[in-house]
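J.: Right, I'll just put the structure down here and ask away after.
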Amino acid sequence: MNQKRNEASLKLFQRAQELIPGGVNSPVRAFKAVGGDPIFIKSAQGAHLYDEDGNQYLDLINSWGPMILGHACEMVQEAVKAVLPHSFSYGAPTRREVEIAELIISMVPSIEKVRMVNSGTEATMSAIRVARGFTGRDKFIKFEGCYHGHGDSFLISAGSGAITLGVPDSPGVTKGVAQDTITVPYNNLEAVKLAVAAAPGEIAAIIIEPVAGNMGLVVPEPGFLQGLRDICTKENIILIFDEVMTGFRLAKGGAQERFGVIPDMTTLGKIIGGGFPVGAYGGRKDIMNAVAPVGPVYQAGTLSGNPVAMAAGLATLNYLNEHEEIYGYLDNIGDKLVYGMRENMAQLGMDFTINHIGSMFSIFFTRQPVKDFESAKKSNLGLFGKYFNNMLQHGIYLAPSQFESLFLSTALTDTLANDYLEANLESLRALKAFL
Ligand code: HOZ
């Protein structure tokens, strides 16, 4: 156990609660689902976070995905520094926007044209608008437990912070908006077929996290993504992969490359900005040509394509593009953690479920397979909270919610992975008293 002091974090949290709803600028960070008070981070370097009290943590969130090369990566810093003397925003086109568009199009199989925005939420909201404008249809299908940012039409059966705080259907979303969102269970093709048959010619798009990361990690069953592709092709529905989490992470070309299923549109965020606020949506040329100023579907943004964010994103994506071996490394270190956790559990006579792919994984405190939102909700949340706090005491910073994935970075060495597994063994052992 190496975490002792948290007075500085506590003081900041007390001040913050007077000033910011819940003391945080994004709800899951408040630790409400796991008990205890949030840690305020002062800095980060490589695989580690440092809090305001000087404690060190091994970071298994990596800013919820973007820091795939570890924190404060030198090469990204240099790229950002090169831009700063030339000012920080112009609201006019720049060279790097062209370069990053070329790079994204070369890396992501489905993207022929791309538009930069400022967050994943903007990307998904815009993609749905484009799909509606292009098809002339109003409704879309989303999957229970998938989270596509906080746009009104997505906050129906939503995962991530929405389910963490018990508001999967958020107040404030009007009935009028909600009636155009059709929800079906993840990994259930029959339900999709029924939903499509029930609204013939009315569905503009099916949007999905090809690997779901917002109900904890849930991997698509064999044939599920291809089944969606086939339905969409047959019914002229636009298939949108929300790869905000999986893009540039599960492979250079994201989950679509890894599973060999190509959607019509893709939304991106997180890694694409190298840690800065960036999102993007793109896809088939004919669809993207519906976007203003070429087509009539309106979408705009003063800070879109911001030069500082573009420099960080470009440096990160260029590096990933030129170092494909990174994905083998991340897969191996992910395997090491997950197989090691399973060994730890076997040693303690436990058999909880771990879902895993590449550098993303989640532990669920249930013995049943987790393949959709209903099965994810079977996890014992009390045990998860205890496990989270045990790990924190051992200097491991996990996502403070059962309904999130963990993300690894290339800064996670073999030695640090061993430290993680030791902490995991001790944290699980401490749970035995509660089983
Ligand atoms: N809902 C976000 C991840 N799925 C968490 C974002 C944050 O708190 O930074």
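Values quoted throughout were computed directly from the atomic coordinates according to the rules given, and no laboratory measurement underlies them. Here the structure is a predicted model, which is why all the values come from computation and not from measurement. Neighbour counts are summed over all protein chains in view; Cβ atoms, including those assigned to glycine, are modelled from backbone coordinates with ideal geometry.
J.: With each run of n ≥ 4 DSSP H residues scored as -39500 (n - 2.57), what mean residue ellipticity at 222 nm is computed for the chain after dividing by its residue count and rounding to the nearest 500 deg cm²/dmol?
T.: -11500 deg cm²/dmol
J.: Let me ask something else about it. Which of the lysines could a cross-linker bridge to Lys234, judged by Cα under 25 Å and excluding same-chain residues fewer than eight apart?
T.: Here the lysines satisfying the reach criterion relative to Lys234 are Lys113, Lys139, Lys142, Lys193, Lys285.
J.: Now for a different question. Give the residue list of trypsin sites (Lys or Arg not before Pro) in the stretch 353-435 that are DSSP loop and have at most 12 other beta-carbon atoms within 10 angstrom.
T.: Sparse-neighbourhood loop trypsin sites (Lys or Arg not before Pro): Arg367.
J.: Still on this model: Counting DSSP beta bridges with both partners in the chain, what percentage is antiparallel, nearest 5?
T.: About 60 percent, rounded to the nearest 5.
J.: Residue farthest toward the positive end of the dipole of the stretch 279-435, with Cβ of Lys/Arg at +1 and Asp/Glu at -1: which of Asn389, Pro293, Ala346?
T.: Asn389
J.: Here is a follow-up. For Lys432, give me every one of the lysines with a C-alpha distance below 27 angstrom, ignoring sequence neighbours fewer than eight places off in its own chain.
T.: In chain and number order, the partners are Lys4, Lys32, Lys336, Lys371, Lys377, Lys378, Lys386.
J.: Next up: If you average the C-alpha positions of the stretch 65-114 and of the stretch 395-416 separately, how far apart do those two centres end up, in angstrom?
T.: Computed from Cα coordinates, the inter-centre distance equals 25 Å.
J.: Mind listing which chymotrypsin sites (Phe, Trp or Tyr not before Pro) in the stretch 62-110 are in a DSSP loop and have 14 or fewer other Cβ atoms within 10 Å?
T.: Answer by residue number: Phe88, Tyr90.
J.: Still on this model: Let me know the Kirkwood hydrodynamic radius for the stretch 8-84, please, with Cα pairs as the basis and the value in Å to one decimal.
T.: By the Kirkwood definition, the hydrodynamic radius is 14.0 Å.
J.: While we're here: I'd like to know which of Gly253, Ile203, Ile163 lies farthest towards the positive end of the charge dipole of the stretch 148-282, counting +1 on Cβ of Lys and Arg and -1 on Cβ of Asp and Glu.
T.: The Cα lying farthest towards the positive end belongs to Gly253.
J.: Continuing with this model, one more query. Report for the stretch 253-389 the percent antiparallel among DSSP-assigned beta bridges with both residues inside it, nearest 5.
T.: The antiparallel proportion sits near 80 percent.
J.: Also, I was wondering about something else. Size of the stretch 289-338 along its principal axes in angstrom, Cα-based, largest extent first?
T.: 49, 23, 19
J.: If you rank Tyr339, Tyr147, Tyr327 by fewest surrounding Cβ atoms within 10 Å, what's the result?
T.: Tyr339, Tyr327, Tyr147
J.: As a test, work out the antiparallel percent of DSSP beta bridges whose residues both lie in the stretch 117-275, rounded to the nearest 5.
T.: 5 percent
J.: DSSP H helices in the chain with Cα extent of 27 Å or more along the helix axis and mean Kyte-Doolittle hydropathy at least -1.0?
T.: Length and hydropathy pass: 325-347.
J.: Rank these for me by crowding, Asp372, Asp335, going from fewest to most other beta carbons within 10 Å.
T.: So the residues, fewest neighbours to most, are Asp335, Asp372.
J.: Right, another one. Report the convex hull volume per residue for the chain, counting only C-alpha atoms, in Å³.
T.: In the chain, the Cα convex hull volume per residue is 141 Å³.
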